[in-house]
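*Asks:* Quick one: the structure is below, questions incoming.
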Amino acid sequence: DACTLVAGSRSEVPEAAQLAVAARGYGAPLTLTGALVLRASRSIDKAALVGFSMGGMVARRFAQDYPARATALAILHSAHRRSEKAQSAILFRVAQAEDHGPAATVELALQRWYTEACQTSRPDLMDLTRQWVLANDPKVYPKLYRILAHGVDEIVAPEPPITCPTLVLTGDEDH
């Protein structure tokens with residue numbers, strides 16, 4: 001998942017920005033990720049940002065750090081505050097990813113991300129999603145997962161506040 005910058009009909013997915021942050025390991029602030037997104041999008045003066053999951057975290061941080069460049073945000077299924085139980089669960093998944101790579105988390109992820117009916121009726125979608133998760137670099141994947149687990153505190157009470165129009169969308173069973 002990556003933050004997608006959309007300007008007119010163009011879109012860029014700066015995956016290198018997330019990989020650069022992951023290379024620094026946990027502790028790399030989302031601010032750095034936003035700066036790398038900015039660098040990856042030099043040719044775009046202003047943009048509406050769409051972020052899914054961790055990309056939503058990056059998009060929010062970008063909007064805080066570069067408010068003149070963010071014209072709007074769409075945040076889809078991105079982390080916010082978690083209960084202790086939910087935080088414990090994601091920390092467990094981080095440990096699994098660190099010990100065994102993406103394969104350790106993929107099957108439970110499919111159960112979290114898709115309804116049982118969808119899992120049964122769309123095996124092609126399950127296989128495609130499984131391939132996407134398994135295609136992650138096993139050395140980078142746990143580092144990104146750790147940012148997803150711990151980066152929430154940096155963005156839940158934005159300072160400075162986000163000033164552009166923002167749409168936030170998530171499902172009632174998104175956990």
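*Asks:* Please list, in order along the range 127-135, the HN-Hα scalar couplings obtained from phi with the Karplus expression 6.51 cos²θ - 1.76 cosθ + 1.60 (θ = phi - 60°), rounded to whole Hz, x for Gly and Pro.
*Replies:* With coefficients 6.51, -1.76 and 1.60, one gets 5, 5, 5, 4, 4, 4, 5, 5, 6 Hz.
*Asks:* Given R₀ = 22 Å, what would the calculated FRET efficiency be for Leu167 paired with Ala68, taking r from the Cβ atoms and rounding to 0.05?
*Replies:* Computed FRET efficiency for Leu167 and Ala68 comes out at 0.65.
*Asks:* At what distance in angstrom do the alpha carbon centres of the range 107-172 and the range 82-106 lie from each other?
*Replies:* Taking the Cα centre of each part, the range 107-172 and the range 82-106 sit 12 Å apart.
*Asks:* Which cross-chain or sequence-distant (5 or more) residues have an amide H under 5 Å from the amide H of Thr166, H modelled 1.01 Å from N in plane?
*Replies:* Here the answer is Leu73, since their amide H atoms fall under 5 Å of that of Thr166.
*Asks:* Please give the per residue accessible area of the range 41-175, computed with a probe of 1.4 Å over protein heavy atoms only, in Å².
*Replies:* Per-residue accessible area for the range 41-175 comes out at 58 Å².
The values are calculated or read from the model by the stated rules, or taken from the named source; none is laboratory data. No experiment lies behind these values; they were computed from the predicted model shown. Using ideal geometry, Cβ is built from the backbone for each residue, glycine included, and neighbour counts are taken over all protein chains shown. Surface areas here come from the heavy atoms of the whole protein model, side chains and all, with no ligands, DNA or RNA. Shrake-Rupley method; radii C 1.70, N 1.55, O 1.52, S 1.80 Å.
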